[in-house]
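Here's the structure we're looking at; comments come further down.
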Amino acid sequence: MIRVELAKLFRRPRTYVIAGLLCLLPFTVAVFLATTRIPPPPGQGGAFLSAVLSNGALYPAAAMALVLPVFLPVSVAVLAGDAVAGEAATGTLRYLLIRPVGRTRLLVAKLIALVVFVLFAIGAVLITSYLTGLALFGSQPSAGVALPADVTSLSGVTITPFGLFLRLLGTVAYIVVSMLGVAAIALFLSTVTDSALGAAMGALAVLVTSQVLVTLDAAAAIRPYLPTRYWLAWIDFFREPVLWRDIERGAGIQLVYLAVLLGAAWANFLTRDITN
Amino acid sequence: MISTTDLTKRYGRVVAVDGVALEVREGDRYGLLGPNGSGKTTLVRMLLGLVFATHGQIEVMGRPVPRRVHEVLPAIGAMVEGPGAYPNLSGRTNLRLFDAAGPGSTRRDRRRRVDEALERVGLAGVDRRPVKAYSLGMRQRLGLAAALLRRPSLLILDEPTNGLDPRGIREVRDLLTALNEGGTTVFLSSHLLAEIEALCTRVGVMDRGRLVLQDELASLRAPTGRVLLGTPEPDRVVSMLDGRVEHRDGTRLTVRHDDPGALNAELVTAGIRVDEIAPERRTLEQVVLDATTTSSDRVEAP
């Protein structure tokens, strides 16, 4: 079943369209930065953006900071919202279930396909932005990579390219976990409604609400429990030494959301009448 | 093959299926007849474990459903409320994906089984066009092919000839008859009387959630004890069979009599010419009209 889900994922043109759009955003930003050479003022704009002007090898990290807050969660919510409700709409859900594919197995396969999609999309963004960065900003001649001052607040710290690779790996893992939280919300809603659009909208509504509350001081009491609170904590991977506190908390929060929502999705889907 | 006891499904306050005791035996061609909204589809979905009964028991091929439905589903081919396929993929790819999704399918003979199933439903020459470019009839045939893919011993088909032209309907009927003669039990539901009458050996009639009738088609259509008679000399017949002529319509008479052969001999002996003579049988339509009350999609003023 997992193989079938992956085949369906990679046979759909929309998978590539979404990944292409995700790659296009950092590319556009890079073109503007490279032609004007105007860096965002310190403390404003996307993370790493002023640093990439001097070192293109850091551009993958900047690209992550660009797609993560909106673009990536939107595409994950759309795909996850479509996961069960979309099958119901095309009438294929009932044929999968009487094939028979167990309902639990179907949900697990959907979730794995979503993880693969996130990895595929992030991979595409990392590769294209790395190439873009090297081509437009050039690489530092030395073997070391200087961590940007606006992030580390310690200028001149240098890490090896291998160190950069490890930190990017950690970033990818952290983002996958964060996106799994988004996927869990949309997947749960997808088992509740037969409208893929409704499920995606519901998940986005949750995320937007959470984003707004994160910036609201009046909501400080619940801030640590909001799903989007620690989304950008992966930036801490680029500090020297790595600042683990927020990364750990963020991953923990996402895992709790994941467990609760997937449990709810599973319980709901297992006992639901399939009437579409 | 299928038996249910007191099977009931409620959606809120609406009773979709009400105390149904279905009995489908091995080798049957069972036709479930009923107007739209009479609960046929809900019943079919419960048999397949898609919808959970409010109460009552279901047993399919000796296993309780839905508890052990996964054990019998591999041997069942089904079509529920129209075919379902991924619209951006070709018919062949769809069949391959569905086959690969479940248990008990080997990759080795998949291509052969897909080709065979497509051939059986008359889609052997289907090309790489995506399903979204298919006509309704082609989709219906693809749905049937999906049901036949693993040579099931029980076929459960909901409105299998929907969207097909008369020739297509005939082909499907011949296909189902051939499969049935090869040992496959066929259970199909339809709101089309003629379809059931032409195909099935056993009939169940649903009316507003209840199974109001279930019997062999042959016994439902048993002779009524009357004979339909056509003669150029109706007056002589009326005077001869005094009181036994129940109805007269020009030269055609309905006569109360058990044996058309004996009646014919009687008339010919008396020198009366006979154009046509046959025992009267109830039509399935008559049977259904007697068994059901009102059209389910009629909404009367209170």
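Brief remarks follow.
- Subset of segment A:1-17 [in contact with a Ser or Thr (Cβ under 9 Å, 6 or more places away or on another chain) and either farther than 24 Å from B:Ala101 by Cβ or of a type in the set (Gly, Ala, Ser) (or both)]: A:Ala7
- Restricting attention to segment B:129-151, the residues that are within 17 Å of B:Phe98 (Cα to Cα) and assigned to a loop (DSSP other than H, G, I, E, B) total 3.
- Taken over segment B:260-297, residues that are in contact with a strand residue (DSSP E or B) (Cβ under 8 Å, 6 or more places away or on another chain), surrounded by 13 or more Cβ atoms within 10 Å (Cβ to Cβ) and part of a loop (DSSP other than H, G, I, E, B) amount to 4.
- Selected residue [over 24 Å from the mean Cα position of the chain (by Cα) and at the interface with another protein chain (Cβ under 7 Å from one of its Cβ atoms)] from B:His70, B:His55: B:His70
- If you go through segment B:20-76 and keep only what is buried (at least 18 other Cβ atoms within 10 Å of the Cβ), over 14 Å from B:Gly209 (Cβ atoms) and small (Gly, Ala, Ser), you end up with B:Gly31, B:Gly49.
- Segment B:77-92: number of residues that are surrounded by 21 or more Cβ atoms within 10 Å (Cβ to Cβ), touching a Lys or Arg at 6+ places or on another chain (Cβ under 6 Å) and either of a type in the set (Gly, Ala, Ser) or in a strand (DSSP E or B) (or both): 0
- Restricting attention to segment B:249-297 and to residues that are polar (S, T, N, Q) and free of Cβ contacts under 8 Å to residues at least 12 places away in the same chain, the residue that is nearest to B:Arg210 (Cα to Cα) turns out to be B:Thr294.
- Those residues of segment B:80-95 which are within 7 Å of another protein chain (Cβ to nearest Cβ) and among the β-branched types (Val, Ile, Thr), in sequence order: B:Val80
- Counting only helices (runs of 4 or more DSSP H) that sit completely within segment A:37-109, those holding 2 or more residues that are surrounded by 21 or more Cβ atoms within 10 Å (Cβ to Cβ) and away from chain B (no Cβ under 14 Å) correspond to A:49-52, A:59-67, A:71-90.
- The set of residues in segment A:62-97 being farther than 30 Å from A:Leu49 by Cβ and within 22 Å of the chain's Cα centre (by Cα) consists of A:Gly81, A:Asp82, A:Ala83, A:Val84, A:Ala85, A:Gly86.
- Hey, B:Glu246 part of a helix (DSSP H, G or I) and acidic (Asp, Glu) or not: no
- Among (1) surrounded by fewer than 16 Cβ atoms within 10 Å (Cβ to Cβ); (2) at pLDDT 85 or above - the single one A:Ala30 does not satisfy: (1)
- Close contacts from segment A:247-276, counting a first residue that is more than 14 Å from chain B (Cβ to nearest Cβ) and a second that is in a helix (DSSP H, G or I) and of a type in the set (Ser, Thr, Tyr), with Cβ to Cβ under 6 Å and a gap of 6+ residues or different chains, come to A:Gln254/A:Ser178; A:Ala265/A:Thr191.
- Within segment A:212-239, being in a helix (DSSP H, G or I) and either on the phi > 0 side of the Ramachandran plot or without any contact (Cβ under 8 Å) to a residue 60 or more places away in the chain (or both) holds for A:Val212, A:Leu213, A:Val214, A:Asp217, A:Ala218, A:Ala219, A:Arg223, A:Pro224, A:Tyr225, A:Ala233, A:Asp236.
- Some residue of segment A:2-16 being charged (D, E, K, R) and away from chain B (no Cβ under 14 Å): no
- Condition check for B:Arg256: surrounded by 17 or more Cβ atoms within 10 Å (Cβ to Cβ) and either at positive phi or modelled with pLDDT of 85 or more (or both): no
- Among residues of segment B:152-197, those that are among the aliphatic types (A, V, I, L, M), assigned to a helix (DSSP H, G or I) and in contact (Cβ under 8 Å) with a residue 24 or more places away in the chain, counted: 7
- Residue match in segment B:122-138 (condition: under 27 Å from B:Gly27 (Cβ atoms) and at pLDDT below 95): yes
- The lone exception for B:Thr106 - which of (1) β-branched (Val, Ile, Thr); (2) more than 11 Å from every other protein chain (Cβ to nearest Cβ); (3) under 28 Å from the mean Cα position of the chain (by Cα) it fails: (3)
The values are calculated or read from the model by the stated rules, or taken from the named source; none is laboratory data. Being a predicted model, the structure only gives us computed values, none of them experimental. Reconstructed Cβ throughout: ideal geometry from the backbone, glycine too, with neighbour counts over all protein chains shown.
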